[in-house]
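Just below is one structure, and these are the notes that go with it.
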Amino acid sequence: MAGTRRAHPQLARPRFQPSAAAMYVLLLVLAMLFVGPIGWLLLAALKSREEWGAIPTRLLPEQAQWDNFGRALTDINFAAYTANSLFLSTMYALLVTATSALVGFGFARLRGRGQHALFLVVLSTMMLPQILTLLPTYVLFARIGVVNTYWPWVLWGLGASPYLVFLFRQFFAAIPRELEDAAIMDGCGWARIFGRIFLPLSWPALITSFLLSFTWTWGDYIAPALLLDVDHTTLSVAITAWYRDPRGNAIPTVQAAGAALYTIPVLLIFLFAQRYFIRSVVASGIKG
Amino acid sequence: MAARSWSRYSNRTFYLFVSPWVAGFVLLTAVPLVYAFGMSLTNFDGSSPRWRWVGLRNYAELYRDTDAWASLLRTLGFTAIVVPLSVAGALGLAVLLNRRLKAVGLWRTIFFLPSVVPVVAMAIMWKLVFNRDAGLLNAVLAVAGIDSITWLVDPVAFYALVTVSLWGLGGGMVIMLAALQGVPPELEEAAVVDGASRWRVFRHVTVPMISPVLFFQVVTGVIASFQIVVQPLLLAETNSISGVGHVPRSTHLYMVQVYEEFFQSNRFGYGSAMLWVFFIVILAITLLVQRSSRLWVYYEVDSDGRH
């Protein structure tokens with residue numbers, strides 16, 4: 001993240017004041033509240049089952065049980081569910097990024113009748129909870145026989161996402177007009193202008209869009225839970241329910257390890273790409 | 001001559017470019033909503049082909065359904081608690097982390113990270129924290145000599161859900177941080193030179209300057225809070241192989257009840273009626289918030305994004 005740019009003398013304070021020390025203490029306490037649950041998950045993932053249930057509760061495992069991670073990978077068919085999640089997320093992200101870039105370009109650079117009204121519809125569907133349409137969509141998808149297939153995600157991807165359309169529209173609107181004027185003089189059509197001029201300039205927006213939509217699908221629970229059977233389902237559904245002992249009881253330590261493994265890709269994506277995300281979200285937030 | 005043919009070409013091209021979204025909107029949003037309305041006028045159970053037209057009976061029943069009213073009020077109450085707290089919390093953190101600090105990037109990352117943890121992992125994590133016998137919270141309480149609390153049952157479960165929701169406020173924090181850094185320092189300096197206190201500068205200069213971002217956070221926060229369903233489902237004490245347990249009353253939000261009507265009671269007609277009523281409620285509230293924004297949001301650029 002970018003550094004601070006508060007340097008004006010009136011507001012800046014000397015370094016070691018009681019209030020500065022108090023501020024660090026406050027930050028430390030808050031940070032513990034935010035990191036605590038993550039730490040507890042990782043500790044649980046390293047405990048034996050007896051240690052997890054021990055009374056009084058123990059903070060650290062006597063000996064780290066790395067085997068929990070091994071069991072998380074083998075107790076359920078972790079590789080297969082990861083492959084499902086990867087396939088679904090990548091395919092949706094590619095499709096929705098392509099279509100949203102097209103639509104965003106249309107709204108930013110082209111003129112058409114009823115454009116303003118259409119854009120208002122884009123904005124209002126951004127506000128519409130997805131779950132409202134998901135349940136009836138589920139019934140429709142069942143009717144046309146695409147439940148237990150990945151077709152729903154293809155359709156969602158081809159349909160563009162209002163949020164990403166907005167993101168691309170903001171991005172494309174900021175590109176100077178001279179660029180396309182020159183191309184039009186040279187006899188370029190809009191498809192070429194889009195593909196040859198605007199797309200190569202927009203890789204930050206393309207990467208943001210791809211990674212955001214990838215993480216949405218990777219993290220989604222309810223759509224795969226409704227639409228996919230045991231063989232097709234994603235990691236997010238698999239780790240909630242299927243770490244069980246023969247008597248059907250959940251095994252919290254192994255489940256914790258599974259949840260940690262499942263979260264790692266998303267954390268990495270956000271750590272590496274947070275600057276892009278923030279910039280694009282701020283652009284849509286301020287001007288929305 | 002050139003201008004006219006140009007504009008016709010452009011019109012057609014515009015529709016060509018936006019056609020994926022138009023088709024998607026019609027087929028994946030409008031049609032399902034209309035279909036849901038159609039379903040809400042029947043007694044469809046999700047599988048049996050022998051469903052009947054029942055007119056507005058589902059809506060009449062919904063009007064008398066005290067559970068549905070209770071869950072709607074609970075959802076509104078939950079939103080009224082969570083959204084102000086998370087927006088204020090995010091703003092507070094952003095102000096705190098907008099100062100000169102040691103390792104400022106590390107602090108920011110710490111508060112930001114929880115907001116990107118996927119909801120399923122979040123639920124698993126918090127169940128471990130809230131666990132009655134082996135959880136972190138009760139272990140901390142035990143050190144302070146306080147008896148264990150059963151967090152995920154009534155009535156405490158509501159506050160557990162609030163806690164889980166607030167944990168993700170780091171996403172809003174980074175956005176506000178970026179907004180704070182967009183405030184021209186000259187403005188705040190001028191106010192300081194005029195003798196305004198730090199609080200007054202913050203209240204009368206900084207907050208109005210970032211009010212569009214605050215507004216955006218309130219709107220998206222309200223919408224997000226309305227559609228919460230996975231968290232209560234997954235935080236519920238598990239007693240079945242599906243991983244989804246019996247949701248306690250205090251976290252029985254509106255969408256949870258809709259979900260149960262669909263998939264536990266197989267009342268697709270009734271569930272669709274519930275969806276439609278919620279759709280109207282959300283539209284009304286969104287419009288209300290939009291209207292109120294004129295009173296308190298200060299725009300440097302107009303709402304079309306033009307300067």
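The values are calculated or read from the model by the stated rules, or taken from the named source; none is laboratory data. All values reported here derive from a predicted model rather than from experimental measurement. Ideal geometry is used to build each Cβ from the backbone, glycine not excepted, and the neighbour counts take in all protein chains shown. Calculation scope for accessible area: heavy atoms of the full protein, side chains included, ligands and nucleic acids excluded. Shrake-Rupley method; radii C 1.70, N 1.55, O 1.52, S 1.80 Å.
Applying the selection to region B:191-210, what residues are of a type outside the set (Val, Ile, Thr), more than 10 Å from chain A (Cβ to nearest Cβ) and assigned to a helix (DSSP H, G or I)?
Scanning region B:191-210 gives B:Trp199, B:Arg200, B:Phe202, B:Arg203, B:His204, B:Pro208, B:Met209.
So, in region B:272-292, how many residues would count as being farther than 26 Å from B:Val83 by Cβ and either free of Cβ contacts under 8 Å to residues at least 24 places away in the same chain or not hydrophobic (A, V, I, L, M, F, W, C) (or both)?
Final tally of qualifying residues: 1.
I'm told B:Trp151 meets every condition in (1) among the aromatic types (Phe, Trp, Tyr); (2) touching a Gly at 6+ places or on another chain (Cβ under 9 Å); (3) closer than 25 Å to B:Gln217 by Cα except one. Can you identify the failing condition by its number?
The failed condition is (3).
Report those helices (runs of 4 or more DSSP H) wholly inside region B:61-133 carrying at least 2 residues which are under 30 Å from B:Gly269 (Cα atoms) and without any contact (Cβ under 8 Å) to a residue 40 or more places away in the chain.
The helices (runs of 4 or more DSSP H) meeting that bar are B:66-96.
Out of everything in region A:38-73 that is open to solvent by 30 Å² or more (accessible area, probe 1.4 Å) and polar (S, T, N, Q), what residue ends up being nearest to the other protein chains (Cβ to nearest Cβ)?
Among residues in region A:38-73 that are open to solvent by 30 Å² or more (accessible area, probe 1.4 Å) and polar (S, T, N, Q), the one nearest to the other protein chains (Cβ to nearest Cβ) is A:Thr57.
Considering only residues that are open to solvent by 30 Å² or more (accessible area, probe 1.4 Å) and among the hydrophobic types (A, V, I, L, M, F, W, C), which ones fall in region B:159-177?
The answer is B:Leu166, and nothing else.
Applying the selection to region B:228-262, what residues are in a loop (DSSP other than H, G, I, E, B) and modelled with pLDDT of 90 or more?
Within region B:228-262, B:Ile228, B:Val229, B:His252, B:Leu253 meet the criteria.
Any residue at all in region A:219-228 that is under 30 Å from A:Trp66 (Cα atoms), open to solvent by 10 Å² or more (accessible area, probe 1.4 Å), at pLDDT 90 or above and not in a helix (DSSP H, G or I)?
yes
Taking region A:52-73 only, how many residues are touching a residue at least 40 places away in the same chain (Cβ under 8 Å) and not in a loop (DSSP other than H, G, I, E, B)?
The qualifying residues number 6.
From (1) over 18 Å from the mean Cα position of the chain (by Cα); (2) modelled with pLDDT under 90; (3) not aliphatic (A, V, I, L, M), pick out the condition that doesn't hold for A:Gln130.
(1)
For the structure I just gave you, tell me whether A:Ala260 is touching a helix residue (DSSP H, G or I) at 6+ places or on another chain (Cβ under 6 Å), facing chain B (nearest Cβ under 9 Å) and of a type in the set (A, V, I, L, M).
yes
Among the residues of region B:49-106, which ones are open to solvent by 50 Å² or more (accessible area, probe 1.4 Å), farther than 18 Å from B:Leu169 by Cα and within 14 Å of chain A (Cβ to nearest Cβ)?
B:Pro49, B:Trp51, B:Arg99, B:Arg100, B:Lys102, B:Ala103
Results for (1) crowded, with 23+ Cβ neighbours inside 10 Å; (2) within 11 Å of chain B (Cβ to nearest Cβ), shown as yes or no for each residue.
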{"site": "A:Leu155", "(1), (2)": "no, yes"}
{"site": "A:Ala160", "(1), (2)": "yes, yes"}
{"site": "A:Tyr163", "(1), (2)": "no, yes"}
{"site": "A:Phe166", "(1), (2)": "yes, yes"}
{"site": "A:Arg177", "(1), (2)": "no, no"}
{"site": "A:Glu180", "(1), (2)": "no, no"}
{"site": "A:Asp186", "(1), (2)": "no, no"}
{"site": "A:Trp190", "(1), (2)": "no, yes"}
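Please go through region B:14-26 and give me each residue that is at the interface with another protein chain (Cβ under 7 Å from one of its Cβ atoms) and surrounded by fewer than 22 Cβ atoms within 10 Å (Cβ to Cβ), ordered by number.
Matches in region B:14-26: B:Tyr15, B:Ala23, B:Phe25.
Inspect all residues belonging to region B:139-158 and state whether any of them is in a helix (DSSP H, G or I) and away from every other protein chain (no Cβ under 11 Å).
yes
A:Ala238 passes all but one of (1) under 28 Å from A:Ser100 (Cβ atoms); (2) modelled with pLDDT of 85 or more; which number fails?
(1)
Enumerate the pairs (first residue in region A:161-186 and more than 14 Å from A:Leu102 (Cβ to Cβ); second residue anywhere and open to solvent by less than 50 Å² (accessible area, probe 1.4 Å) and part of a loop (DSSP other than H, G, I, E, B)) with beta-carbon separation below 7 Å, excluding pairs fewer than 6 apart on the same chain, so at least 6 apart or on different chains.
Final answer for the pair search is A:Ala173/B:Gly305.
Just a yes or no: is a residue in region B:290-302 part of a helix (DSSP H, G or I), open to solvent by 10 Å² or more (accessible area, probe 1.4 Å), under 23 Å from B:Ala123 (Cα atoms) and modelled with pLDDT under 90?
no
Among residues belonging to region A:74-113 that are more than 9 Å from chain B (Cβ to nearest Cβ) and not in a helix (DSSP H, G or I), point out the one that is least open to solvent (accessible area, probe 1.4 Å).
In this case the residue turns out to be A:Ile76.
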